[in-house]
Amino acid sequence: MSKYTEAFKMSVIKKHLEEEIPVRQLSRDLEINISLIKLWVKKYNTNGFINKKSKTTVFSSEFKLKVLNYQQEYSLSDRETAIKFGIAEHGTVGAWRRKYITGGISALKDMRGRTSKMPKSVIPDKPREEWTKDEELAALKAENLYLKKLWALIQEEQEQTKAKEKENSEPAAN
């Protein structure tokens, strides 16, 4: 989340461009890092806007590859590349590059959401009568494991309740 609103950023940019107030003076007066103001001005000069709403923008894998090739060809930093192509966060370009290096063009395809770290259910998605012996054994093992965990949690809760009762029943030492 941005610390500064887009309206505030635009007012700073206008002070610099229209009123010709030096970036260094703006930085001192507003107590904002000079490199941040320079970044806003550069984004505005390059694209005509400061922030592109990247949360709703879906980039194709072809576009991502084009961006990475351009960055490589012209030896640009992630920040410079993001500004050039109107990508709101320069970290996005770095993430694309890491994905491309590890997985190639297929890794750049849009895969919405996070992958689940939950293991797939061992319980088959069919009526119990149609289960094989292996499927039934796996389901029974999962059920057994679940019940053991549940029992351990219940015992832990009972021990904590007993400890609190004991603590509350002891007279306070003066």
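Please report, for the Cα atoms of the stretch 119-174, the Rg to one decimal and the Dmax as a whole number; what are they, in angstrom?
20.7, 69
With each label point set 7 Å from Cα along the Cα-Cβ vector, what nm distance links Glu157 and Lys120?
With each label placed 7 Å out from Cα toward Cβ, I get 3.3 nm.
Laboratory data are not the source of any read-out in this text; all were calculated from the coordinates shown. What you see is a predicted model, and the numbers here were worked out from it, not measured in a lab. A quick note on method: Cβ atoms are made from the backbone with ideal geometry, for glycine too, and the neighbour counts reach across all protein chains shown.
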